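These notes concern the structure reproduced below.
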Amino acid sequence: MKCGSVRQEYNVSAAERADRLDWGRLSDELDAQGSAVIHELLTPGECHALARLYDHSARFRSTVVMSRHGFGKGEYKYFSYPLPGLVAELRQTFYPRLAPIANRWNERMRIETRYPDTHKEFLARCVKAGQARPTPLLLQYGPDEYNCLHQDLYGEEIFPLQLAILLSVPGVDFTGGEFVMTEQRPRMQSRAEVVPLRQGDGVIFAVSHRPVKGTRGVYRVNLRHGVSRIRSGHRHTLGIIFHDAK
């Protein structure tokens, strides 16, 4: 099996899939680029099942029409608690593997915040800060729709990494709609990067900041992410954010 991929199998838990990944390589890619792709994290059947949930309003706490808020064009829906089983499992499984990276980043950026070992402990901290609403979401885009560059911040408690999984098939279900990141370094112009994804691929990426080593030491860069214009068809994405919202 190649690094940064999970062989597609049914009835394989999220924990088993995560255990198969080369976390050293993923950590190195996050340090270098602020993002890392996991190929074939979900099977096509799982992608279809999650995308179909979009029409089941009872599974969600709210719907956001992006054009009403200047966020772009398209829609997204935040899941309610309890989360769908696979979504909850992915959230609980990936957090403890990402927390050491998050803590190392904060140490390098001289940020005092440190993250606990388990997601349950971190969510308890979110609740104390008044952040108790779930943030995992499904996003849906149609022709000429897009997501403006942004950061997913919902309160003072922020986990600095998140996960997005493409549920649709590029070139079949939709065209266009690339995942885009920008990085602003001090006294430099912004750098843009397109992250190619296939159905079932996940991308781990920085929520807002990451450390970068320069000639005078480590400095903090600012990141944003978005989705370019959909040229045809429909695109569905699962977003897994580890902090909850006020």
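What number of residues within segment 187-216 satisfy the criterion of being basic (K, R) and open to solvent by less than 10 Å² (accessible area, probe 1.4 Å)?
Matching residues across segment 187-216 total 1.
Does segment 163-178 include one or more residues that are in contact (Cβ under 8 Å) with a residue 60 or more places away in the chain, under 22 Å from H236 (Cα atoms) and among the hydroxyl-bearing types (S, T, Y)?
Yes: segment 163-178 contains one or more residues that are in contact (Cβ under 8 Å) with a residue 60 or more places away in the chain, under 22 Å from H236 (Cα atoms) and among the hydroxyl-bearing types (S, T, Y).
For every residue, the table says whether it meets (1) touching a residue at least 12 places away in the same chain (Cβ under 8 Å); (2) over 30 Å from V12 (Cα atoms); (3) in contact with a Phe, Trp or Tyr (Cβ under 6 Å, 6 or more places away or on another chain); (4) not aromatic (F, W, Y).
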residue	(1), (2), (3), (4)
L83	yes, no, no, yes
F94	yes, no, no, no
N106	yes, yes, no, yes
I111	no, yes, no, yes
A124	no, no, no, yes
V127	yes, yes, no, yes
G130	yes, yes, no, yes
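Of the residues E107, E75, which single one is in contact with a Leu (Cβ under 9 Å, 6 or more places away or on another chain), of a type in the set (D, E) and either open to solvent by 50 Å² or more (accessible area, probe 1.4 Å) or at pLDDT below 95 (or both)?
Among E107, E75, only E75 is in contact with a Leu (Cβ under 9 Å, 6 or more places away or on another chain), of a type in the set (D, E) and either open to solvent by 50 Å² or more (accessible area, probe 1.4 Å) or at pLDDT below 95 (or both).
Starting from segment 211-229, take each residue that is assigned to a loop (DSSP other than H, G, I, E, B) and list its partners that are open to solvent by 60 Å² or more (accessible area, probe 1.4 Å) and among the aromatic types (F, W, Y), counting only C-beta distances under 9 angstrom and pairs at least six apart or across chains.
S228/Y146; R229/Y146
Pairs please, first residue from segment 21-47 and closer than 11 Å to D201 by Cβ and of a type in the set (D, E, K, R), second anywhere and buried (at least 17 other Cβ atoms within 10 Å of the Cβ) and modelled with pLDDT of 95 or more, Cβ atoms under 7 Å, 6+ apart in sequence or on different chains.
E40/G200; E40/D201
I'm told A206 meets every condition in (1) of a type in the set (G, A, S); (2) in contact with a helix residue (DSSP H, G or I) (Cβ under 9 Å, 6 or more places away or on another chain); (3) more than 19 Å from E157 (Cβ to Cβ) except one. Can you identify the failing condition by its number?
Result: A206 fails condition (3) only.
Testing A99 on (1) surrounded by 20 or more Cβ atoms within 10 Å (Cβ to Cβ); (2) farther than 30 Å from D22 by Cβ, one condition comes back false. Which one is that?
If we test A99 against (1) surrounded by 20 or more Cβ atoms within 10 Å (Cβ to Cβ); (2) farther than 30 Å from D22 by Cβ, just (2) comes out false.
Quick one: which residue in R114, R17, R68, R125 is out of contact with any strand residue (DSSP E or B) (no Cβ under 8 Å at 6 or more places or on another chain), more than 23 Å from E183 (Cβ to Cβ), open to solvent by less than 20 Å² (accessible area, probe 1.4 Å) and basic (K, R)?
Exactly one of R114, R17, R68, R125 is out of contact with any strand residue (DSSP E or B) (no Cβ under 8 Å at 6 or more places or on another chain), more than 23 Å from E183 (Cβ to Cβ), open to solvent by less than 20 Å² (accessible area, probe 1.4 Å) and basic (K, R), namely R17.
If we keep just the residues of segment 162-186 that are in contact with a His (Cβ under 7 Å, 6 or more places away or on another chain) and not in a strand (DSSP E or B), which is surrounded by the fewest Cβ atoms within 10 Å (Cβ to Cβ)?
Result: D173.
What's the number of the only condition in (1) open to solvent by less than 50 Å² (accessible area, probe 1.4 Å); (2) aromatic (F, W, Y); (3) more than 12 Å from the chain's Cα centre (by Cα) that Y219 fails to meet?
Result: Y219 passes all but (1).
For segment 101-138: of the residues being more than 29 Å from V212 (Cβ to Cβ) and among the small types (G, A, S), which is nearest to the chain's Cα centre (by Cα)?
Among those that are more than 29 Å from V212 (Cβ to Cβ) and among the small types (G, A, S), it is A132.
Given the structure, is P96 over 18 Å from the mean Cα position of the chain (by Cα) and closer than 21 Å to L42 by Cβ?
For P96, the condition - over 18 Å from the mean Cα position of the chain (by Cα) and closer than 21 Å to L42 by Cβ - is not met.
All but one of (1) part of a strand (DSSP E or B); (2) under 12 Å from the mean Cα position of the chain (by Cα) hold for F159; which doesn't?
(1)
The values are calculated or read from the model by the stated rules, or taken from the named source; none is laboratory data. Quick caveat: nothing in here was measured; it's all calculated off a predicted structure. So basically every Cβ, Gly included, is an ideal-geometry build from the backbone, and we count neighbours across all protein chains shown. Accessible surface areas use protein heavy atoms only, side chains included; no ligands, DNA or RNA. Shrake-Rupley method; radii C 1.70, N 1.55, O 1.52, S 1.80 Å.
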